[in-house]
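**Q** My questions will all concern the structure given below.
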Amino acid sequence: MTSQEIRQKFLDYFKSKEHLIVPSAPIVLKDDPTLMFSNSGMTQFKDFFLGYKTPTAPRIADTQKCLRVSGKHNDLDDVGRDTYHHTMFEMLGNWSFGDYFKKDAIAFAWELLTEVYGIPKENLYVTIFEGDASENLERDQAAYDYWKAVISEDRIINGNKKDNFWEMGASGPCGPCSEIHVDLRTPEEKAKVSGLELVNNDHPQVVEVWNLVFMEFNRKADGSLEKLPAQHVDTGMGFERLCMALQGKSSNYDTDVFTPLIAKVEELSGKKYTGILEDEKDIAIRVIVDHIRAVSFAIADGQLPSNGGAGYVIRRILRRGISYSYRFLDMKEPFLYKLVAVLKDQMGSVFHELEKQGKLVTDVIKSEEESFLRTIETGLIRVDKLIQQTIANNSKVLPTQEVFELYDTYGFPDDLTRIIAEEKGLTIDEKGFEVALNEQKLRSKADSAQKVYDWVTLEEGEENFVGYDQIEAETHITRYRKVENKDGEFYQVVLSNSPFYPEGGGQVGDKGVLENATESFEVLETKKENGLIISLINGLPKDASAIFYAKADATDRKNSQANHSVTHLLHEALRDVLGTHVEQKGSYVGPEYLRFDFSHFNKMTEEELALVEEKVNAKIKESIALQEFRNIPIQEAIDKGAMALFGEKYGDSVRMIQFGSSKELCGGTHVKNTSEIGHFKLTSESSAAAGIRRIEAISGDKSDEYFKNLEKQVLELSQLLKSKDVVRSIEKLIEENASLKAEVEAFKKEKAKGEIGDWKGAYEQKGDKLLLVKKTSLDSGSVKDIVFQLKKEIPTSITIILSDADGKPMITVGVSDDLAGIYQAGALIKELAKEIQGGGGGNPGFATAGGKNLDGLENAYQKALNI
């Protein structure tokens, strides 16, 4: 059975059990402050479990892309070292939202595994939650009773809280679970040791394939548990492990999920994969084929590698793969990007984003490879210098700070430094490195540390966003919670009617005030979390249940929505000018300016930029009225021509924004008419990443300010030049300046000629050589010409010139060719430059140095005479 067939059988089975089959959500999360990535199948349904949103259907099934590389669920260090851990994996899952519970979930799982997939019943074990006295949680007797109806009781194992109480994170929905484990050992191996002893003991052939979570609780911020409003089922089956079991393999990497990728690595590297766990070459190949999947899906879903947040995690995974290929496959040129085509052929029909974004993914990975390989090459030079320095100091341990700086500042893998050091008989200070790493983590954690308390609920009821129609509203607080961070104590509030737009879709959240007759609080930011619009205020009202008046900052809102509307017009203009391959890849919309990232593979020409700006402003002048379609079915919006962005998760109902022919799915705030935008001014175009260009621009009040400042500058220039024709006056000044420069250069040359004659007679005999040490005010170019001429004309000579040109100290050293083997200009300049707090370099015959300390020239002069 192929992996494609295995996946389809799962979906078909649950469709026959009246489950709605839904597509995978993006692997990158954008509106959940507790998670960067989907780390389980249930992540996209979190709001359903918490009761914030109504499920699309009471029964749902899908295959979800997951990533586990940080936080509580982190499999990164195990990848490549065993046969079954992965960073990116597929989670096959079925869910019940207040519909069926333990009995049906267990029956479905058993029927699918044993009857549809045909796994022998004697190869299966199940676990149940044994209870936990510290949290007053009882043994899951109901699950035990349902299991013993289908499997012998000696194959039902009690599991502790660690293994059999599933939690998504530090807080959120959770509950007891039943795991299903499959024993893939040979009969001979089974005869030696019972599978009961190997369950949950990291045996590579006795592995968990499915986890049935019975969602009953919500873990609060203070660690306590509260009952959810309804009971739910959340199951997750590891697709790669299931394929291993059904295809009769001993490793996930031996299944057709990975073998096409492995075959491509073998072809490109010339190295043969043997599947040996301890072999570094095989570990490298497993790491590479795993990591390329994680990185490709993340980029396809809109997360580019970067130096912060989720982008840093993706860059780290990719660099880990590159590092392994460099060290163990001897691949010194980019090649991981060539695996994307194989992955696309494998999975593009199921995950269409790979098909659609294939070129972008390929180009980004190639660019990252090129960049990091340069980093490795540069790092190798630094490591070599560090080793030489360590040996010269008669030490066997590389300096901790320098090793950590290589890792932290330059991104050079610490394990590569370790390997190179060991080859030279040296080591690194492991404990010192760990201390430095932990200190860095603590600093980073301290910068972002925030203690969030549990919600205090004042009333249950609807919490509405009214900001599309008004920026002020009478309201009251429905719930609040305290937040403590490095800046002090604040409160987050949820309002019954909120005019404050929550950060999302690239648009910044609203600021404003929350006030009544006796109190006023500043609204510092507004965000969305688990379906709730949360505003941060700088205090807690004396009477939190009072009626308040909420006012969003009118000026900021006006400018933000002008910038947001203009991004839609900009998107359309870019597609008109550059082609329909252009797609939005990120944006920032604030009151000050807008930033728009889009797929395009070349720097835009001045003509293209001018045309885009012209097209956008033409739309603004047309005074196009906003057409807004709220809560329409997503398919209806798509049928109307709305653009949906890859990497965004849309619900069944969406909001469509239309300005003439521009139609996009969007949740942001917008102008009622394009004429409100005023004017669009493009301020920069640059590269954001491989295949991604970035435009920054202004509109509204800021564009008005821009042109007013421009007008003021032109007026000031006109007055300064005493001419209304500013351009012609500046051209004339440039011509005059060029003429004067030529005269100055001619004067300098004449002066230099005079100096040469004087200096020739000023050499002093110093043993078997001639020495000239002179001070001058000549510029560096003239000094260089003179020194080179003197080197030719005066044999066995050393020339040292100390210059004070326009207040900047400069030292120049020349050594005639016949002395170059005895005296080094570079060594001399190094000593003299210390006196002027500078540095420089050159070759054995000529060197220069500049510095900061002009007064040090006198000391340099005396040192030169002494030398």
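Derivation of every value follows stated rules applied to the coordinates shown; laboratory data play no part. Keep in mind the model is a prediction, meaning the values are calculated, not measured. Glycine also receives a Cβ, built like all others from the backbone with ideal geometry; neighbour counts cover every protein chain displayed.
**Q** How far apart, in nm, are two points set 7 Å out from the Cα along the Cα-to-Cβ line at Gln4 and at Gln141?
**A** The two pseudo-label positions are separated by 5.0 nm.
**Q** A follow-up question, please. Mind checking the angle between helix 700-721 and the chain's longest principal axis? C-alpha axes, 0 to 90 degrees, to the nearest 10.
**A** For 700-721 against the chain, the angle is about 10 degrees.
**Q** Let me ask another. Once amide H atoms are built 1.01 Å from N in the peptide plane, which residues 5 or more positions from Gly838, or in another chain, come under 5 Å H to H?
**A** Sorted by chain and number, the residues that satisfy this are Lys852.
**Q** Now for a different question. With a cap of 16 neighbouring Cβ atoms within 10 Å, and only residues DSSP puts in a loop, list the trypsin sites (Lys or Arg not before Pro) found in the stretch 216-260.
**A** Numbers: sites: Arg219, Lys220, Lys227, Arg241, Lys249; in loops: Lys220, Lys249.
When the trypsin sites (Lys or Arg not before Pro) of the stretch 216-260 are filtered for loop state and at most 16 Cβ neighbours within 10 Å, Lys220 remain.
**Q** Please work out, to two decimal places, the log10 of the ratio I(q)/I(0) at q = 0.09, 0.21 Å⁻¹ from a Debye calculation in which every Cα of the stretch 557-706 carries one identical scatterer.
**A** -0.26, -1.42
**Q** Still on this structure: Using the alpha-carbon atoms, what tilt in degrees (0 to 90, nearest 10) does helix 3-16 show relative to the longest principal axis of the chain?
**A** 40
**Q** Given the stretch 360-515, what percent of its DSSP beta bridges are antiparallel, to the nearest 5? Present the calculation step by step, with values, prior to reporting the outcome.
**A** On the way: 14 of 18 bridges.
So the antiparallel bridges in the stretch 360-515 amount to around 80 percent.
**Q** Using the Karplus curve 6.51 cos²θ - 1.76 cosθ + 1.60 with θ = phi - 60°, work out ³J(HN,Hα) for each residue of the stretch 526-537 in order, rounded to whole Hz, and write x for Gly and Pro.
**A** With coefficients 6.51, -1.76 and 1.60, one gets 9, 9, 10, 9, 6, x, 9, 8, 10, 10, 9, 10 Hz.
**Q** Here's another thing I want to ask about it. What ranking of Thr427, Thr83 emerges when the number of other C-beta atoms within 10 Å of each C-beta is taken as an exposure proxy, fewest first? Walk me through the numbers on the way to the answer.
**A** Details: Thr427 14, Thr83 20.
Taking fewest neighbouring Cβ atoms as first place, the list is Thr427, Thr83.
**Q** Then there is this: Report the trypsin sites (Lys or Arg not before Pro) located in the stretch 44-137 that are in a DSSP loop and have at most 11 other Cβ atoms inside 10 Å of their Cβ, or state none.
**A** Details: sites: Lys46, Lys53, Arg59, Lys65, Arg68, Lys72, Arg81, Lys102, Lys103, Lys121; in loops: Lys53, Arg68, Lys72, Arg81.
Here the trypsin sites (Lys or Arg not before Pro) that fit, given the DSSP loop and packing criteria, are Lys72.
**Q** Write down Rg/Rh for the chain, rounded to two decimals, with Rg from the C-alpha atoms and Rh from the Kirkwood relation over Cα pairs.
**A** On the way: Rg = 34.5 Å, Rh = 32.6 Å.
Ratio value, two decimals: 1.06.
**Q** Taking the chain as the reference, fit the longest principal axis to its C-alpha atoms, fit the long axis of helix 259-269 to the helix C-alpha atoms, and give the angle between the two in degrees, 0 to 90, nearest 10.
**A** 20
**Q** Could you give the length gained on full extension between Gln389 and Asp78, defined as 0.36 nm per residue of separation minus the Cα-Cα distance, in nm?
**A** Values: separation 311, 0.36 × 311 = 111.96 nm, distance 3.52 nm.
Value of the extension gain: 108.4 nm.
**Q** If each Cα of the stretch 759-866 is one equal point scatterer, what is log10 of I(q)/I(0) from the Debye formula at q = 0.13, 0.16 Å⁻¹?
**A** Evaluating at q = 0.13, 0.16 Å⁻¹ gives log10 I(q)/I(0) of -0.39, -0.61.
**Q** Among DSSP bridges having both ends in the chain, what percentage is antiparallel? Round to the nearest 5. Don't jump to the answer; show the numbers that get you there.
**A** Details: 127 of 146 bridges.
Just about 85 percent of them are antiparallel.
**Q** Follow-up. Given the Cα-Cα distance of Gln247 and Glu266 and 0.36 nm per residue of separation, how much length would full extension add, in nm?
**A** On the way: separation 19, 0.36 × 19 = 6.84 nm, distance 2.21 nm.
Stretched fully, the Gln247-Glu266 segment lengthens by 4.6 nm.
**Q** Another question, then. Summing -39500 (n - 2.57) over the DSSP H runs of n ≥ 4 in the chain and dividing by its residue number, what mean residue ellipticity at 222 nm do you reach, to the nearest 500 deg cm²/dmol?
**A** Details: 24 runs with 330 residues, N = 867.
Computed ellipticity for the chain at 222 nm equals -12000 deg cm²/dmol.
**Q** Straight-line reach from Lys748: which lysines have a Cα under 19 Å away, not including same-chain ones fewer than 8 places off?
**A** Lys748 reaches Lys760, Lys774, Lys775, Lys784, Lys808.
**Q** For the stretch 335-491, what are the per-bin percents of Cα-Cα distances with bins 10 Å wide, up to the bin holding the maximum?
**A** Values per bin, smallest distances first: 8, 20, 16, 19, 22, 11, 4, 1.
**Q** Determine, from the Cβ-Cβ distance of Lys672 and Lys227 and an R0 of 56 Å, the FRET efficiency 1/(1 + (r/R0)^6), rounded to the nearest 0.05.
**A** Values: r = 46 Å, r/R0 = 0.82.
Efficiency computed from Cβ-Cβ geometry: 0.75.
**Q** Next question, about the same structure. What is the calculated FRET efficiency for Glu503 to Lys356, with r their C-beta to C-beta distance and R₀ = 35 Å, to the nearest 0.05? Show your work: numbers first, answer last.
**A** Details: r = 27 Å, r/R0 = 0.77.
Efficiency, rounded to the nearest 0.05: 0.85.
**Q** I want to check the label-to-label distance for Lys542 and Tyr823. Put each point 7 Å from Cα in the C-beta direction and report it in nm to one decimal.
**A** About 8.6 nm separates the two model spin labels.
**Q** Further, regarding this structure: Mind checking the full-extension length gain between Glu515 and Gln440? Use 0.36 nm per residue of separation minus the Cα-Cα distance, one decimal, nm. Mind showing how you got there, number by number?
**A** Working: separation 75, 0.36 × 75 = 27.00 nm, distance 4.15 nm.
In short, 22.9 nm is gained.
**Q** Sticking with this one: May I ask you to sort Met244, Met168 by Cβ crowding, counting other Cβ atoms within 10 Å and putting the fewest first? Walk me through the numbers before you get to the answer.
**A** On the way: Met244 27, Met168 22.
Fewest-to-most ranking of Met244, Met168: Met168, Met244.
**Q** Something else about it: Given a Förster distance of 51 angstrom, what is the FRET efficiency for Glu711 paired with Asp414, based on the Cβ-Cβ distance and rounded to 0.05? Walk me through the intermediate numbers first.
**A** Numbers: r = 56 Å, r/R0 = 1.10.
Between Glu711 and Asp414 the formula returns 0.35.
**Q** To continue, here is another question. Mind checking the stretch 266-320 for trypsin sites (Lys or Arg not before Pro) that DSSP puts in a loop (not H, G, I, E or B) and that have at most 13 other Cβ atoms within 10 Å? Can you show the working numbers first?
**A** On the way: sites: Lys271, Lys272, Lys281, Arg286, Arg293, Arg315, Arg316, Arg319, Arg320; in loops: Lys271, Lys272.
Counting only loop positions with at most 13 other Cβ atoms within 10 Å, the trypsin sites (Lys or Arg not before Pro) in the stretch 266-320 are Lys272.
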